[in-house]
Structure formats: C-alpha cells, structure tokens
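This report concerns only the one structure given below.
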Amino acid sequence: MKFSHLVEINDPLNPLIEPLSRAQLWRGLVLRAEQPKMFVPHLDACDILEKSAAQVERELRYGDTVIRDRVSY
C-alpha cells in the first residue's frame, strides 16, 4: 500500500499565523516522522527500526494493530 500525506503550511489567507521558515518547517516534519506520538492521539507506540538521512522505517502500534511504514525525506 502506498500513502501520501499533504500538510498545508503558511496559509496566506490566515494573518493570525506567523509564517514558518524552511528550517523550522523541516525540523517540524522530521519531528513528526520520528516522534509521531506527539501528533497522533491514539498512537500507543512508535519504534524506529532504521534511520538514515533519506528515510525512517518505523513500527506504529495502535492497540493490537501494528503498522510498519517508511517515511522518505
């Protein structure tokens, strides 16, 4: 199964949000990939299986369901 995820950043129609720099955005995306429990309320655990500059392989646990995925940077 292949899944893509789109995240909208710096909405020019919302003046209440301070724009993120590229560096801030990158750090946030890496944090979301490596520590998804901070962002996904029903995630029980995340184990990083492999990590490189180009990707992260991880196992996500939702109760008895285990999902193994790869996040490409």
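Out of the residues in region 14-35 that are part of a loop (DSSP other than H, G, I, E, B) and among the aliphatic types (A, V, I, L, M), state the one that is farthest from Glu59 (Cα to Cα). Break it down into steps so the answer makes sense when it comes.
Filtering region 14-35 down to residues part of a loop (DSSP other than H, G, I, E, B) leaves 14-21, 35.
Right, trim to among the aliphatic types (A, V, I, L, M) and you get 16-17, 20.
Details: Leu16: 36, Ile17: 33, Leu20: 29 Å.
Checked region 14-35; the qualifying residue farthest from Glu59 (Cα to Cα) is Leu16.
Please go through region 21-52 and give me each residue that is over 9 Å from the mean Cα position of the chain (by Cα), of a type outside the set (D, E, K, R) and open to solvent by 80 Å² or more (accessible area, probe 1.4 Å), ordered by number.
Gln24, Trp26, Met38, Pro41, His42
The values are calculated or read from the model by the stated rules, or taken from the named source; none is laboratory data. The shown structure was predicted, so the numbers you read here are calculated from the model rather than taken from an experiment. What goes into the accessible areas is simple: the full protein's heavy atoms, side chains included, and nothing from ligands, DNA or RNA. Shrake-Rupley method; radii C 1.70, N 1.55, O 1.52, S 1.80 Å.
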